[in-house]
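Structure, as structure tokens:
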Amino acid sequence: MRLRWCWPSRAEDRFESWLARRHEERVFAGESTPVGPCPDEAFLRDLARRAKRIALSDPRVAHAANCPTCMSRLLVFRQENRSRQRRRTLVTAVVLCTVIGAVVITIARYGMHRQLPSANLAVVSEAVNLWDAGTIRGNQPGSLQSVFLPAAVVRVTIILPRFSPPGEYAVAVTQDQNGNGVVAQRSAPATINGDHVSVSVELDLRAAKAGAYFLATVHEQDQASYYYPLQIK
Ligand SMILES: [Zn+2]
């Protein structure tokens, strides 16, 4: 990328001030007649572009600096060059913005697909019935059967224990009964089907190693948390 389109180089500045000095000298010296014939348009266009191959000692340059006709043509060519440069800069900026936009959109889409695996992945549906789980009191070993879930993206529908209040529930898979080591977590409002209250969420358990975990339900209104033993296969 050449950014010299946008700003004149130091050499260009030097050329411009040299041209201005020559012009001033001409005015102070009272010179009104330029030396030699007017150079052709190609030369003036080159001069307006400050082509490197034009030496400042070239008599045509001295002529152009002293000749009002050549000067006004030079100014027109300069203006043309500048607007062409501006257009190029604008096109470059638009292309750059488009490329950056496309990259940002791609990254955003990639990130969304990572967050929403259901968009392009098979989802396994699993039902978990905790209807009688609420009736168990104390730590009675073996009294509560483990829930089994696969290490996949699971749409798990949980029938909550009897007397569970309606409302928003957070469902999580954790590594212990204190809510540490959250493997996956989602929230959803519970739905009432007859006397059952159930909540359905999608959990991404693909990263979980097979083993023992806990399925946690948290009623978001009163923050009541319940943990149920869970096996991931
Ligand atoms: Zn001239």
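The values are calculated or read from the model by the stated rules, or taken from the named source; none is laboratory data. Source: prediction; values computed, not measured. Cβ placement follows ideal geometry from the backbone for every residue including glycine, while neighbour counts extend to all protein chains displayed. These accessible areas exclude ligands, DNA and RNA; they are computed on the full protein's heavy atoms, side chains included. Shrake-Rupley method; radii C 1.70, N 1.55, O 1.52, S 1.80 Å.
Of note:
- Tallying residues that are away from the ligand (no atom under 15 Å from the Cβ) and out of contact with any Phe, Trp or Tyr (no Cβ under 7 Å at 6 or more places or on another chain) within region 64-86 yields 8.
- Cross-chain or 6+ apart pairs with Cβ under 6 Å, region 99-125 first and more than 21 Å from Thr157 (Cβ to Cβ), then at pLDDT below 85 and of a type in the set (A, V, I, L, M): His113/Ala119
- When region 116-130 is limited to residues that are open to solvent by 60 Å² or more (accessible area, probe 1.4 Å) and touching a strand residue (DSSP E or B) at 6+ places or on another chain (Cβ under 8 Å), the one that is modelled with the lowest pLDDT turns out to be Leu121.
- Restricting attention to region 46-63 and to residues that are away from the ligand (no atom under 16 Å from the Cβ) and farther than 20 Å from Arg26 by Cα, the residue that is least open to solvent (accessible area, probe 1.4 Å) turns out to be Ala51.
- Qualifying residue in region 91-109 (condition: open to solvent by less than 50 Å² (accessible area, probe 1.4 Å) and within 16 Å of the ligand (Cβ to nearest atom)): no
- When Pro37 is tested against (1) in contact with a Cys (Cβ under 9 Å, 6 or more places away or on another chain); (2) open to solvent by 90 Å² or more (accessible area, probe 1.4 Å), just one condition goes unmet, and that condition is (1).
- Of the candidates Phe15, Phe28, Phe43, the single residue that is touching a Leu at 6+ places or on another chain (Cβ under 9 Å) and either away from the ligand (no atom under 11 Å from the Cβ) or modelled with pLDDT of 75 or more (or both) is Phe15.
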